[in-house]
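None of the figures in this text is laboratory data; all of them are computed from the coordinates on show. Keep in mind it's a predicted model, so treat the numbers as computed, not measured. Note that we place each Cβ from the backbone using ideal geometry, even for glycine, and neighbour counts take in every protein chain shown.
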Amino acid sequence: MPPRFVPLSDVAEMLSISASQAYALVRSGELRAIKVGGRGQWRVEVTEIESYIQRSYEATASILEEERRQERAKAEGKR
């Protein structure tokens, strides 16, 4: 059975980012995580990673749509 929670180092590998970037996502609240154990190790639930990825896709789609809207408005203004 796959693990329910993974360390930030695994998150970084899954997202192809550095460990410090993964920690920054947690600190900013973009990626939910929990601290476990006496040393306060960060763990992220795999479903949270999938949710983060889905939100990122949606945010990217919104950004691209806005860029296309601006390009169309700019092109119509040149006519």
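Checked against the criterion of being of a type in the set (K, R), closer than 19 Å to F5 by Cα and touching a helix residue (DSSP H, G or I) at 6+ places or on another chain (Cβ under 7 Å), the candidates R27, R32, R39 yield just one match: R32. Checking each residue in segment 10-54 for being small (G, A, S), surrounded by 12 or more Cβ atoms within 10 Å (Cβ to Cβ) and not in a loop (DSSP other than H, G, I, E, B) picks out A12, A19, A22, A24, S51. Hey, does segment 57-66 have a residue that's outside any helix (DSSP H, G or I) and surrounded by fewer than 13 Cβ atoms within 10 Å (Cβ to Cβ)? Among the residues of segment 57-66, not one is outside any helix (DSSP H, G or I) and surrounded by fewer than 13 Cβ atoms within 10 Å (Cβ to Cβ), which makes the answer no.
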